[in-house]
Amino acid sequence: MLAHRVGAESVVTVEVDGAVAERARSALERFGAGVRVIHGDGHDDDEARVWQSGPRRLWSEAEAAHRWWENEGRPGHDRFGLTVTAEGQAAWLDTPNRSWPV
């Protein structure tokens, strides 16, 4: 249904079990969905491709957020805060002086 709604070129599925990935690939091909099925388990030696479409590059944003988190020393949830006012909302790390709008 998602492929029908947004276009098959925008849909990718990743399966950790190779046999399940092959069955899914075959079933989707029989259905004519044209959805990409990738087999991978997320280990560092796995290669993966990401297809981005739409007005925002969400994967690029996720990678940037992960780099920021790594550079900040991998802070736990207990170091984050949220301030909500009539003017808006801001998330912060360690102190409200280090905030960004959300």
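The values are calculated or read from the model by the stated rules, or taken from the named source; none is laboratory data. Worth saying up front: this structure is predicted, and the values here are computed from it rather than measured. Cβ atoms come from the backbone with ideal geometry, glycine included; neighbour counts cover every protein chain shown. Heads up: the accessible areas ignore ligands, DNA and RNA and are worked out on the full protein's heavy atoms, side chains in. Shrake-Rupley method; radii C 1.70, N 1.55, O 1.52, S 1.80 Å.
Scanning the range 63-91 for residues that are of a type in the set (A, V, I, L, M) and surrounded by fewer than 11 Cβ atoms within 10 Å (Cβ to Cβ) returns ALA65, VAL84, ALA86.
The range 1-90 holds helices (runs of 4 or more DSSP H) entirely within its bounds, and those carrying 3 or more residues that are at pLDDT 75 or above and over 23 Å from VAL102 (Cα atoms) map to 18-31. Contact annotation: residue pairs with Cβ atoms under 6 Å, 6 or more positions apart or on different chains, pairing a residue in the range 88-102 that is in contact (Cβ under 8 Å) with a residue 12 or more places away in the chain and polar (S, T, N, Q) with a partner that is open to solvent by 90 Å² or more (accessible area, probe 1.4 Å) and assigned to a loop (DSSP other than H, G, I, E, B), are GLN89/VAL102.
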